[in-house]
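Comments concern the structure below.
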Amino acid sequence: MNPAIKAQVAADLNNLPHARITTQGTEARVFTASLEDLTAWWYALGGRITCQDAPTGSGVCMWTLHTRTDPENPVSARIRVYALALDTDQPDADCLPAVARPAA
């Protein structure tokens, strides 16, 4: 089954917000409207969160949640959930342990 369809089912079952769901390779890509939406996905499915800065001076960054449609099943479809945010925005404090820190 297509990963986007699996991600859509996971979204529907968990009442998760999303703007668009697509497939790229063997993964689903979920685009959300806010960091709060990405946080909702993390609360439902868990996973690891990363942040990539946009070009210097742009004032934005892209947060990405790396998870699966069924966190208990290591062969379930991989999902990347994306949210653009101001570079001063932070995810919910409960999510901070899931945020991958860059190597020093």
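Listed values, structure above:
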{"quantity": "Relative exposure of 21, 5, 49, judged by other C-beta atoms within 10 Å (fewest first)", "calculated": "5, 21, 49"}
{"quantity": "Neighbour cut-off at most 12 other Cβ (10 Å), DSSP loop, GluC sites (Glu not before Pro), the stretch 19-82", "calculated": "72"}
{"quantity": "Rounded to the nearest 20 debye, dipole of the chain from Cβ charges on Lys, Arg, Asp, Glu", "calculated": "400"}
{"quantity": "Residue-averaged [θ]222 nm for the chain, counting only DSSP H segments that reach four residues, each worth -39500 (n - 2.57)", "calculated": "-7000 deg cm²/dmol"}
{"quantity": "Intensity falloff of the chain expressed as log10 I(q)/I(0), Debye formula with alpha-carbon point scatterers, at q = 0.14, 0.17 Å⁻¹", "calculated": "-0.50, -0.73"}
{"quantity": "Computed lengthening from residue 99 to residue 62, 0.36 nm per intervening residue step minus Cα-Cα distance", "calculated": "12.0 nm"}
{"quantity": "Sequence of 34, 58 once ranked by neighbouring C-beta atoms within 10 Å, starting from the fewest", "calculated": "58, 34"}
{"quantity": "Exposure proxy order (Cβ contacts within 10 Å, fewest to most) of 26, 69", "calculated": "26, 69"}
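Values quoted throughout were computed directly from the atomic coordinates according to the rules given, and no laboratory measurement underlies them. It should be emphasised that the depicted structure is a prediction, and the values quoted were computed from it without experimental measurement. Positions of Cβ are generated from backbone atoms using ideal geometry, with glycine treated the same way; all protein chains shown enter the neighbour counts.
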